[in-house]
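To keep things clear, I will list the structure first and then write my remarks on it.
The values are calculated or read from the model by the stated rules, or taken from the named source; none is laboratory data. Quick caveat: nothing in here was measured; it's all calculated off a predicted structure. Every residue, glycine among them, receives a Cβ derived from its backbone with ideal geometry; neighbour counts consider all protein chains shown. Heads up: the accessible areas ignore ligands, DNA and RNA and are worked out on the full protein's heavy atoms, side chains in. Shrake-Rupley method; radii C 1.70, N 1.55, O 1.52, S 1.80 Å.
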Amino acid sequence: MRGIFRYARLAALLLSLLYILPSCVEEQGSEQGTYGSVQFRVVNSLALDTKAEVSSLDRLSDAHKIKVVMMRNGYTITQTIPLSCKDEDSGDYGVQSDRLSLLCGDYTIEGFYLYDALDNLLISVIDVDDKDFSVVENGLTLKELGVSATGWGRVSFNLVKDFVQTRAASGASYPFSKIRLVDICVRNSFSGKEYTLNKVKVSIKDRYDEDGRMTTYAVCDTIAKLPRGNYNIWSYSTYSDAAGRSRIETRTLGTGAASFTVEPFELAKDVEIPVKLAENAEYIKDYIALKEIWEAMDGPSWSVKWNFNRDIDLWGDQAGVTLGSDGRVITLNLSDFGIKGVVPDAIGQLTACQVLYLGNHNEAIGGYPDTTPISQMSAEQKRAFRMDYHHRVLERDVREDMSEPLVKGINADSLQRPVLKNNDRINLKDINFGILTNGVTGISRALARLGNLQQLYIANSPIRTEDFFVDVKPDSPFYGERLSWADMEALTDIEIYNCRNLTGLPLEMLTQLPDI
């Protein structure tokens, strides 16, 4: 009886549930059908108005979450949603929230909060310009929220040459073309905050002015991002290798040396960083000496043209000139150029020069003999180099000039020494005795300053014994110096060839050289 009563109560309960359930399901289904979505996009007000007041928010891309406080039908709704952006650059313009599902209807935004990746509050905004939005059934509403951040712009840099002409200011003594990387430090003029770009790659480019004068500059391959404001190029460091291990110099420019302005979302293009170069650097003195040699020896009439219509630090880039890693002249080959007159006192500036050609016995077959310093040759290379004239000339069999049938006849006769033709030996197309190819009439005694010179060649010139060496002029910077051939300890190889006016060798030099 008790069990029947229990089952009767359970049945009554089930009947009552069946009566109530349809209305609950209908109401719930009705609520589900009135949902839509909203997506918030937080934009930088400066993107629309660059004069907008800047808030304490540095970069909009630092915001990773937004908490939005909204009102609907008198009820307050608070939702925290993640924010994201495609990349840091696009994030400066705006960040976008995930989709938020809300009941359909009209909403009013009371304010919002932005947080960083660690949930630290970045900024709170109560005064929202456009507060209202609506959510429609099964639709997506995009709601834009403006916030004023600092606003970042972009900057590209070029390195330009700034030649220092006064003794009071010091400049770098290395060639501009040696720069491979640069560190750039800029300072905000108002806040004093510094921003540094490290190990920026540079590439050397040519540029010509209206008169055709060439200069070079270095283009930095990195575009920097900086908050808006006024800046100075504060300092730079240059490197000579692509890995940034070999620093050449670090220089502080300070206030006023080079200034520029960064505007939000704009590119400050080709801001110039002046790299100070010293005109009294030894390598530039070498180039000035090259021009003096060119002018003194009828350079405009040479068969090979030299170009000085460019920056002074580019004067070393000439035919017949080899430069070392420090930019100094290490070989000078003027063979077959048609040089004339006395080699001037300027030759004494080329103290790093190791090989000097004022003509050679091979001019007609190339004019550019091996300019490798003798100290860098192997024993076999030295022997071949020093025996070149002997091999080409002294070993030459005059019967090599005979016609092919005659040569064959001689070689067929076992009683005669065979004719062994060697195409490397000198022939009528080469420089033979008495034929002159230049007009060198003398050499300044300033040549004795070249303590690193290893090879000296003088050939095919009208130089005379009594005028072989010429005294240094009083207006020369080397006038009054103690000049001694005995100081040329590296000079081991000298060739004097086909100088038909010589009645004797320059014994004043040859007898004093320590290791000729």
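A compact table of results
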item	result
Cα-based shape type of the stretch 172-326, given that a ≥ b ≥ c are square roots of the gyration tensor eigenvalues and the cut on a/c is 1.5	prolate
Chain lengthening between residue 510 and residue 298 when straightened (0.36 nm per residue, less Cα-Cα)	73.5 nm
The stretch 76-163: GluC sites (Glu not before Pro) in DSSP coil with no more than 13 other Cβ atoms inside 10 Å	137
Alpha-carbon centroid distance for the pair the stretch 457-516 / the stretch 67-94, whole angstrom	86 Å
Rounded to the nearest 10 Å², the accessible area of residue 250 at probe 1.4 Å	80 Å²
Only Lys, Arg (+1) and Asp, Glu (-1) charged, at Cβ; the stretch 228-291 dipole about Cα centre in debye	140 debye
Near-label residues of the stretch 274-303 by backbone N, under 18 Å of a point 7 Å along Cα→Cβ of residue 156	274
Rounded FRET efficiency, nearest 0.05, which uses the C-beta distance separating residue 209 from residue 86 and R0 of 41 Å	0.45
List 194, 249, 363, ordered by accessible area with a 1.4 Å probe, largest first	194, 249, 363
Solvent-accessible surface (1.4 angstrom probe) belonging to residue 108, in square angstrom, nearest 10	50 Å²
Where labels lie 7 Å past Cα in the beta-carbon direction, separation of residue 404 and residue 501 in nm	4.5 nm
Computed magnitude of the charge dipole of the stretch 186-293 (debye, nearest 20; Cβ of K, R +1, Cβ of D, E -1)	560 debye
For residue 339, distant residues with modelled amide H under 5 Å away	439
Accessible-area order (highest first, 1.4 angstrom probe) of the listed residues 210, 295, 279	210, 295, 279
Full-extension gain in nm, residue 138 to residue 266, via 0.36 nm per residue minus C-alpha separation	42.1 nm
Accessible carbon and sulfur surface of the stretch 273-318 relative to its total accessible area, %, 1.4 Å	47 percent
Nearest-10 value in Å² for the accessible area of residue 479, using the 1.4 Å probe	130 Å²
FRET efficiency estimate (nearest 0.05) - Cβ-Cβ, residue 193 to residue 98, R0 30 angstrom	0.30
